[in-house]
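Beneath this line is the structure, given in structure tokens, with notes to follow.
The values are calculated or read from the model by the stated rules, or taken from the named source; none is laboratory data. Because the structure is a prediction, the values reported are computed rather than measured. Methodologically, a virtual Cβ is constructed for each residue, glycine included, from the backbone with ideal geometry; neighbour enumeration extends over all protein chains shown. These area figures cover heavy atoms from the full protein model, side chains too; ligands, DNA and RNA do not enter into them. Shrake-Rupley method; radii C 1.70, N 1.55, O 1.52, S 1.80 Å.
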Amino acid sequence: TSIPPVGQLLHAIHFAALKHSTQRRKDSAGTPYINHPIGVAHILWYEGDVQDIGALQAAVLHDTVEDTDTSFEELELEFGNEVRQIVAECTDDKTLPKAERKRLQVENAPKKSDKAKLVKMADKIYNLRDLQREPPADWTLDRVREYFLWAQKVTDGCRGVNGKLENILEDIYQSGTFVY
Ligand code: NDP
Ligand code: ZN
């Protein structure tokens, strides 16, 4: 499109903020959900040196279809086919049982496009840091540990596209659930 990248990114942030406006993270502070997708894009730019506009927009939008009334058609209309495709690669099929969705994330990660792998890695970095900071009140330590082990299987399948993000994930897995 002819819109400069900063405008394209602002449009994605604005769109995601409206879509996630009533949602909160699972922390005791009830942090606005939009902090997460913005933070995932922030990790890509500032920690992964990722400057690809489609990947950054997809990071901001990655949970809109999974967690709001947003459709893929809507994403394509607003942001084009590439962003739609990256978000699709990062969207679980919610008609499947949770355990199956988690298994498929591990199985499918290596088959994803490079840009989807970037978003997946940054998404896991953000969520693992959240868990290290403060797990949801109703989570047992075992559940936190299981999440770390599962996330590692997913991100192992995303290796080969960004060494910086890989190293950050490696450090997180080494420090683990230590804070408890
Ligand atoms: P959930 O998928 O329910 O929660 C984790 C997800 O919540 C994250 O991936 C993230 O997704 C989002 N999220 C929102 N706020 C936070 C936050 N503050 N910190 C971290 N993540 C946050 O949990 P599980 O991954 O555990 O999935 C459920 C699975 O766990 C099922 O397979 C179920 O069978 C099993 N289970 C296990 C239990 C146990 O004790 N071991 C108990 C109950 C269920 P996003 O990026 O989309 O925001
Ligand atoms: Zn996410």
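The residues in segment 41-58 that are in a helix (DSSP H, G or I), touching a helix residue (DSSP H, G or I) at 6+ places or on another chain (Cβ under 8 Å) and more than 10 Å from Cys90 (Cβ to Cβ) can be counted, and the count is 11. For segment 85-96, check the following and say yes or no: at least one residue is of a type in the set (Ser, Thr, Tyr), touching a residue at least 40 places away in the same chain (Cβ under 8 Å), open to solvent by 10 Å² or more (accessible area, probe 1.4 Å) and closer than 26 Å to Lys26 by Cβ. No. Entry remark, segment 148-180: residues being farther than 14 Å from Leu118 by Cα, open to solvent by less than 70 Å² (accessible area, probe 1.4 Å) and not in a helix (DSSP H, G or I) number 2 in total. In segment 42-68, the residues that are over 18 Å from Pro4 (Cα atoms) and of a type in the set (S, T, N, Q) form Cβ pairs under 8 Å with partners that are in a loop (DSSP other than H, G, I, E, B) and open to solvent by less than 50 Å² (accessible area, probe 1.4 Å), at six or more places apart or across chains, as follows: Thr64/His20; Thr64/Thr70; Thr68/His20; Thr68/Gln23.
Does any residue of segment 38-52 turn out to be open to solvent by less than 20 Å² (accessible area, probe 1.4 Å) and touching a Lys or Arg at 6+ places or on another chain (Cβ under 7 Å)?
Yes, segment 38-52 contains at least one residue that is open to solvent by less than 20 Å² (accessible area, probe 1.4 Å) and touching a Lys or Arg at 6+ places or on another chain (Cβ under 7 Å).
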